[in-house]
Structures are given as structure tokens and as C-alpha cells.
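Asker: Before we start, here is the structure in question, set down as C-alpha cells.
Any read-out appearing in this document is the output of simple, stated calculations on the displayed coordinates, not a laboratory observation. Model, not experiment: these values are computed from the prediction. Cβ placement follows ideal geometry from the backbone for every residue including glycine, while neighbour counts extend to all protein chains displayed.
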Ligand SMILES: O=P(O)(O)OC[C@H]1O[C@H](OP(=O)(O)OP(=O)(O)O)[C@H](O)[C@@H]1O
């Protein structure tokens, strides 16, 4: 049997010493505000909504039932953290199967950090002929390493420049299922 990278006991310890940033109700309200803003802007455009795997699972799954207009759902998988807390080169694991030519696209992700992932995906959508590309992230982490000029069209909550997890965001592949957003203790980063 393959040994898990982290044990349940280790994860309990990471969670216990992490700093709570946003609770479940703050996340719920942020997603409601985002859904209203997205609906106001994109209703009638029949968009392709692209979830960025894997972190988008939670925000996308919670946003979709709140979007009351015609849309298609697909996913794209590009990663640069590979279960680590340090970003590297963007690696493409899956491109969307839905033709994007002439379409309005809404890219949904859990977090905008340095921005290389979102910038790469937006460029990919444009290269595939998308007519307009919008971006939505549950969490915005402003920082000096951000790709210059990059901002999400729709965002929910801000976090400080710390390694965060929960609400879809992972800590070394785990803790995406935590219903709150936490900053890892400095000793647990790196
Ligand atoms: O703004 P950036 O610095 O580029 O980082 C943001 C990206 O990093 C995370 O993905 P990750 O590569 O960890 O894959 P995951 O979705 O499987 O967690 C997150 O889900 C974003 O897609």
C-alpha cells in the first residue's frame, strides 16, 4: 500500500496551529456576492465556465447553482504548485474539450496568488479564439510578486500574503475540504 504523504494526526496539528481568516459564513456570503456580480455581467452571453482543477472544485461547485442563466461547464487543469507550497513552472495536464472559438469564457479558480496560472490560462483561452475572457477567484492574495496588471474580474475574499488553505485550496494536497480559510503557521510553510 502507498503511504499517504501526511497522516491524519499531522493534518490535525497543521489545522490546530493555523490562523483562521474567514469562516464558513464569510465564504458563503462572498460566493453569493460573486454570483450576483457574475450574473449581472454575463447573463445572456451563454458562456463556457472553465473550472481550474483541482482547487476550483469547491468554489465552482458552490457558484454554479447560484447562476440562473444558460452556460456550459468544462475544466482546464494547469498546475504550478504540485502539492507544494512553492510555485514553479506552469504544467498543462488537461485542456478544455469545449471549442472556445467565438465564446465568452469565465475562468473560475480558488485563489489568485502570483497570477502565473490565471495569466497562462487566459492566454490559452485567447489563443483558442475565445471572444471574451472573464476571471473569477474566491480568494485574492495581493502580493508584490503578482504578474503586473493582473486582477480578477470577480473576487470574493482577500487574504494576507501567507500560505492559505481550505474552501478548495490545498495544504500539500490535503485540507481542501475544510469549510473555512486558514493561514498555515510559518513553521508549516516551505
Ligand atoms: O496565482 P498563482 O501563484 O499562479 O497560484 C494560483 C494557482 O495555484 C493553485 O493551483 P495549484 O497549482 O496548487 O493546483 P491545485 O489547483 O491542484 O491546488 C491555485 O489553485 C491556483 O490555480
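Asker: Taking every DSSP beta bridge with both residues inside the chain, roughly what % is antiparallel (nearest 5)?
Answerer: Counting DSSP beta bridges with both partners in the chain, the antiparallel share is about 30 percent.
Asker: Right, here's the next one. Given the C-alpha centroids of region 116-141 and region 26-79, what is the distance between them in whole angstrom?
Answerer: Comparing the Cα centres of region 116-141 and region 26-79, I get a distance of 13 Å.
Asker: Something else: Pull out the extension gain between residue 98 and residue 25, defined as 0.36 nm times the separation in residues minus the alpha carbon to alpha carbon distance; nm, one decimal.
Answerer: So the extension gain works out to 22.9 nm.
Asker: Please state the relative contact order of the chain as a whole percent: Cα pairs under 8 Å, 6+ residues apart?
Answerer: Reported relative contact order: 26 percent.
Asker: Let me ask something additional. In whole angstrom, how long is each semi-axis of the equivalent ellipsoid of the chain, when you take the square root of 5 times every eigenvalue of its Cα gyration tensor and sort them from largest down?
Answerer: 28, 18, 15
Asker: Okay, next question. Would you mind calculating the gained length between residue 162 and residue 32 on full extension (0.36 nm times residue separation, minus the Cα-Cα distance), in nm to one decimal?
Answerer: 44.3 nm
Asker: Per the helix-only calculation at 222 nm, which mean residue ellipticity applies to the chain, given -39500 (n - 2.57) for every DSSP H run of n ≥ 4 and division by its residues, nearest 500 deg cm²/dmol?
Answerer: Estimated from H runs of four or more residues: -8000 deg cm²/dmol.
Asker: Roughly how tilted is helix 24-42, in degrees to the nearest 10 and between 0 and 90, from the longest Cα axis of the chain?
Answerer: For helix 24-42, the angle is close to 20 degrees.
Asker: What nm distance separates the two modelled labels at residue 12 and residue 69, each placed 7 Å from Cα along Cα→Cβ?
Answerer: If labels sit at residue 12 and residue 69, their model points lie 4.8 nm apart.
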